[in-house]
Number of protein chains: 2
Amino acid sequence: MSHDVETELTAAVSAQFARTPDPRLRKILLALTSHLHAFARETALTFKEWRQGVEFLTRVGHMSRDGRQEFILLSDVLGLSMLVDAIEHRTQESATESTVLGPFFVDDALTRPNGADIGAGHPGDLLLVNAVVAGADGHPLADADVVVWQSDEDGRYDIQYPERDGYFLRGRFRADAQGHVQFWTIVPPAYPIPDDGPVGDLLNASDRHPWRPAHVHFHISAAGHRTLVTHLFVAGGAYLDSDVVFGVKQSLVVDLAQHAPGTAPDGRACPAGWKTLDHRFQLSAL
Amino acid sequence: MSHDVETELTAAVSAQFARTPDPRLRKILLALTSHLHAFARETALTFKEWRQGVEFLTRVGHMSRDGRQEFILLSDVLGLSMLVDAIEHRTQESATESTVLGPFFVDDALTRPNGADIGAGHPGDLLLVNAVVAGADGHPLADADVVVWQSDEDGRYDIQYPERDGYFLRGRFRADAQGHVQFWTIVPPAYPIPDDGPVGDLLNASDRHPWRPAHVHFHISAAGHRTLVTHLFVAGGAYLDSDVVFGVKQSLVVDLAQHAPGTAPDGRACPAGWKTLDHRFQLSAL
């Protein structure tokens with residue numbers, strides 16, 4: 001059988017998808033066909049490998065349930081999530097850089113007042129976050145919606161605990177008139193992405209570690225501005241050079257300031273001291 | 001953000017996978033990264049579309065359970081299954097052409113004696129199949145293992161019925177000294193692939209019908225020869241020009257002979273007549 005048969009087959013599939021009524025879907029399906037077929041031809045993919053691929057994807061699907069989205073993890077470790085993020089920001093004006101959403105965002109985090117402690121009851125070094133949300137022109141964005149989430153001291157997110165009671169280390173804040181948001185939390189640790197499933201097997205087979213450097217997630221939206229999805233990474237931590245999901249950008253790596261034991265500015269007693277993270281986010285106009 | 005960021009990202013992912021110890025897996029992962037990223041860049045895939053893709057694949061995974069392999073269906077309608085089949089046979093010597101395995105093969109079909117009726121108790125026009133299995137040089141392949149399966153009159157396979165008792169319209173035969181296999185069945189109908197899931201939604205959105213032309217599946221193996229996975233399609237039936245899985249090859253379309261009411265050669269009374277399908281399969285040497 002000649003390679004002509006293969007190119008004829010690709011043409012036959014494309015001819016079917018070329019009739020897709022919606023032009024955007026048509027473009028995507030034609031490109032998908034073209035690249036998927038090119039991948040199979042270039043690797044001379046065998047039937048056995050195809051079966052392994054089907055079984056792998058089936059495992060990824062079965063693993064994707066509440067609190068675990070294995071397809072997002074797969075996209076993340078393949079660099080696709082960061083690529084889509086880069087493509088989305090091709091035309092971005094000067095603004096805070098974005099990074100991956102990750103699989104642990106939830107849209108219905110409880111709204112907390114400024115100054116609240118989202119880490120209450122969780123062990124870890126106290127961290128006071130002071131964030132200002134501004135437009136690219138520097139004007140503070142009053143009433144900006146700021147959703148934050150991070151892992152606990154064991155490197156796990158609330159929704160990874162099936163028996164949890166409500167959310168923790170997660171919250172939604174509203175910026176005040178100066179665009180200011182403040183909350184207490186704990187210093188996040190580096191952590192491995194869930195690696196007991198097929199994505200973990202893939203990392204293992206390719207001799208890659210599953211670790212992400214320590215970070216806090218931010219999802220910030222404000223009227224008239226592009227929503228910003230990003231992290232702040234803790235400077236000096238491990239894995240900043242080898243984030244398994246390729247999410248680190250230098251502008252997002254921030255220093256924490258250390259404070260001696262005493263009383264924080266808001267009156268909180270910190271007998272073991274505390275750290276602060278001050279950051280100014282800039283959103284580009286729509 | 002410039003396109004340089006995107007190519008740097010692809011390079012960073014490739015650099016990680018370049019360390020994969022197994023050379024074949026390394027090649028596959030590097031090609032996957034390259035083509036997946038090229039697909040996203042070329043289409044300027046948006047975050048919203050990426051999420052839709054994640055949700056689509058998750059649905060495909062959840063749909064893939066006993067008796068239903070939605071990822072195989074997806075591969076089939078994208079032409080990937082037939083492409084892998086074509087690639088596997090790039091170096092094929094003269095032999096019967098192959099086609100897709102499909103999602104309804106099972107490896108443990110009951111062995112039946114030559115002449116058995118795999119359609120017993122199922123309505124449909126009686127069909128007597130006479131097959132000969134030979135090598136590419138024409139020598140009969142005694143003891144060849146021949147697994148056959150097909151849909152019932154409603155276009156469904158046994159394993160699509162959750163409440164079924166054992167297999168039906170499916171069997172395993174052993175060729176006799178002349179390479180001959182004979183069995184009774186019913187004339188298969190054209191049928192739609194299962195289209196109540198995400199693959200059906202994809203077909204619908206791309207204005208494609210879900211139908212396959214009528215066929216009987218064969219999986220034939222013999223010592224010293226390449227296993228043959230193929231169908232025989234019923235000549236004159238619908239959808240031969242637009243098989244949803246791109247599986248039709250002209251050499252696999254066969255005429256059925258019609259016989260008047262009476263007694264078949266093996267003594268079976270056929271008051272409504274019967275049809276015969278005679279075919280010679282040729283397997284290439286290993």
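The values are calculated or read from the model by the stated rules, or taken from the named source; none is laboratory data. Source: prediction; values computed, not measured. Note that each Cβ is placed from the backbone with ideal geometry, even for glycine, and that neighbours are counted across all protein chains shown.
Yes or no: residue A:258 surrounded by fewer than 13 Cβ atoms within 10 Å (Cβ to Cβ), within 21 Å of residue A:81 (Cβ to Cβ) and polar (S, T, N, Q)?
Details: surrounded by fewer than 13 Cβ atoms within 10 Å (Cβ to Cβ): yes; within 21 Å of residue A:81 (Cβ to Cβ): no; polar (S, T, N, Q): yes.
No.
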**OP:** Could you run through the stretch B:46-62 and say how many residues are touching a Gly at 6+ places or on another chain (Cβ under 8 Å) and at the interface with chain A (Cβ under 7 Å from one of its Cβ atoms)?
**Re:** 5
**OP:** Within the stretch B:238-266, track down each residue that is in contact (Cβ under 8 Å) with a residue 60 or more places away in the chain and small (Gly, Ala, Ser).
**Re:** B:247, B:251, B:264
Original post:
Mind checking which residues of the stretch A:164-182 are touching a Leu at 6+ places or on another chain (Cβ under 8 Å) and under 24 Å from residue A:273 (Cβ atoms)?
Top reply: A:171, A:182
Original post:
Looking at the stretch B:33-45, which of its residues are of a type outside the set (A, V, I, L, M) and either more than 17 Å from residue A:77 (Cα to Cα) or within 7 Å of chain A (Cβ to nearest Cβ) (or both)?
Top reply: B:33, B:35, B:37, B:39, B:41, B:42, B:43
Original post:
Of all residues in the stretch B:32-52, how many are more than 21 Å from residue B:7 (Cβ to Cβ) and buried (at least 18 other Cβ atoms within 10 Å of the Cβ)?
Top reply: 0
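The rows are residues; the columns are (1) more than 21 Å from the chain's Cα centre (by Cα); (2) in contact (Cβ under 8 Å) with a residue 40 or more places away in the chain; (3) in a loop (DSSP other than H, G, I, E, B); (4) within 26 Å of residue B:74 (Cα to Cα).
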{"position": "B:133", "(1), (2), (3), (4)": "no, yes, no, no"}
{"position": "B:176", "(1), (2), (3), (4)": "yes, yes, yes, no"}
{"position": "B:209", "(1), (2), (3), (4)": "no, no, yes, yes"}
{"position": "B:223", "(1), (2), (3), (4)": "yes, yes, yes, no"}
Original post:
Among the candidates A:47, A:39, A:17, which residue alone is aromatic (Phe, Trp, Tyr) and under 19 Å from residue B:103 (Cβ atoms)?
Top reply: A:47
Subject >> Count of the stretch B:211-221 residues which are touching a residue at least 60 places away in the same chain (Cβ under 8 Å) and of a type outside the set (A, V, I, L, M, F, W, C) >> reply: 4
**OP:** Give the residues of the stretch A:15-32 that are more than 8 Å from chain B (Cβ to nearest Cβ) and either over 29 Å from the mean Cα position of the chain (by Cα) or of a type in the set (S, T, N, Q) (or both), sorted by residue number.
**Re:** A:15, A:18, A:23
Original post:
Taking the stretch B:16-29, which residues are under 21 Å from residue A:47 (Cβ atoms) and crowded, with 18+ Cβ neighbours inside 10 Å?
Top reply: B:28, B:29
Original post:
Would you say residue B:109 is under 30 Å from residue B:264 (Cβ atoms), touching a Gly at 6+ places or on another chain (Cβ under 9 Å) and in a loop (DSSP other than H, G, I, E, B)?
Top reply: yes
Subject >> Test set (1) among the β-branched types (Val, Ile, Thr); (2) within 30 Å of residue A:139 (Cβ to Cβ); (3) facing another protein chain (nearest Cβ under 7 Å) - residue A:100 fails condition number >> reply: (3)
Original post:
Which of the residues belonging to the stretch B:236-270 are farther than 13 Å from residue B:212 by Cα and touching a Lys or Arg at 6+ places or on another chain (Cβ under 9 Å)?
Top reply: B:256, B:257, B:258, B:259
Original post:
Could you count how many residues in the stretch B:230-263 are over 24 Å from residue B:144 (Cβ atoms) and assigned to a loop (DSSP other than H, G, I, E, B)?
Top reply: 15
Original post:
Which of the residues that make up the stretch A:149-172 are of a type in the set (Phe, Trp, Tyr) and surrounded by fewer than 16 Cβ atoms within 10 Å (Cβ to Cβ)?
Top reply: A:161
Original post:
over 22 Å from residue B:158 (Cα atoms) and away from every other protein chain (no Cβ under 14 Å) - does that describe any residue in the stretch B:192-212?
Top reply: no
**OP:** For residues that are touching a residue at least 60 places away in the same chain (Cβ under 8 Å) and in a loop (DSSP other than H, G, I, E, B), tally how many sit in the stretch B:178-187.
**Re:** 1
Original post:
Which residue out of B:12, B:86, B:95 is under 25 Å from residue A:8 (Cα atoms), within 7 Å of chain A (Cβ to nearest Cβ), surrounded by 14 or more Cβ atoms within 10 Å (Cβ to Cβ) and not aromatic (Phe, Trp, Tyr)?
Top reply: B:86
Subject >> In the stretch A:63-83, residue farthest from the other protein chains (Cβ to nearest Cβ) [restricted to those that are in a helix (DSSP H, G or I) and closer than 28 Å to residue A:284 by Cβ] >> reply: A:76
Original post:
Got at least one residue in the stretch A:270-285 being at pLDDT below 95 and either touching an Asp or Glu at 6+ places or on another chain (Cβ under 6 Å) or on the phi > 0 side of the Ramachandran plot (or both)?
Top reply: yes
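Can you tell me which residue among B:266, B:201 is in contact with a Phe, Trp or Tyr (Cβ under 9 Å, 6 or more places away or on another chain) and at pLDDT below 95?
None of the other options fit; the residue is B:266.
Could you tell me whether residue B:111 is under 21 Å from the mean Cα position of the chain (by Cα) and either aliphatic (A, V, I, L, M) or away from chain A (no Cβ under 14 Å) (or both)?
yes
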Original post:
Quick check: anything in the stretch B:58-70 within 13 Å of the chain's Cα centre (by Cα), among the acidic types (Asp, Glu) and buried (at least 23 other Cβ atoms within 10 Å of the Cβ)?
Top reply: no
